[in-house]
Amino acid sequence: MNRVADHLAVLLVTLWIGAMWVVGYMVAPTLFSMLSDRSLAGSVAGRLFTLVAWIGIGSAAYLLAFLGMRLGWQAFRNRLFWLVLVLLACTIAGQYGIQPLMAELKASAWPREVMHSVMRDRFSTWHGVSSVLYLLQSLLGVMLVLGLRRTLR
């Protein structure tokens, strides 16, 4: 049973961090470079980022439970546990804090596109914050992938 839990942890980290990298650094830029309708590209990318966030929330929940069961109270002294918790907090902040704010700015700009409205500067600022947060998550993801390997030895 322990091996199954270990393997599931590895698979979930692979899915979560891999999806984050692929969507953020391959799919989204490709959408914006290939689609002439930037609003459509943004909508598709937004849906994909939401999917990645849900994968992250589910994976983090499993990993926190996995580490808690494996390490007991020592989990609170484990760097990997705190790393997963920080990644989860970043994911929740992006999905339930920044993304709704950006959606509200888009709605306020209607019937114009947000980038052609008075909301442009605020939207650009929040998009920048979101991008920096995503980059931070991506770098923490590297630490998670490498740290999980060490923990499971």
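Is it fair to say residue 20 is loosely packed, with under 13 Cβ neighbours inside 10 Å, touching a residue at least 40 places away in the same chain (Cβ under 8 Å) and assigned to a helix (DSSP H, G or I)? No, not satisfied. Taking the residues in the range 62-119 that are part of a helix (DSSP H, G or I) and charged (D, E, K, R) as candidates, determine which candidate is surrounded by the most Cβ atoms within 10 Å (Cβ to Cβ). Among those residues, the one meeting the criterion is 106. Take the conditions of a type in the set (S, T, N, Q), loosely packed, with under 12 Cβ neighbours inside 10 Å and either modelled with pLDDT under 95 or within 21 Å of residue 130 (Cα to Cα) (or both) and apply them to residue 33. Does it pass? The answer is yes for residue 33.
Being modelled with pLDDT under 95 and either of a type in the set (D, E, K, R) or more than 21 Å from residue 135 (Cβ to Cβ) (or both) is a property that residue 40 has.
Go through the range 137-152 and count every residue that is of a type in the set (A, V, I, L, M) and either loosely packed, with under 14 Cβ neighbours inside 10 Å or more than 15 Å from the chain's Cα centre (by Cα) (or both). Number satisfying all stated conditions: 5.
The values are calculated or read from the model by the stated rules, or taken from the named source; none is laboratory data. Worth saying up front: this structure is predicted, and the values here are computed from it rather than measured. We place every Cβ from the backbone using ideal geometry, glycine too, and count neighbours over all the protein chains shown.
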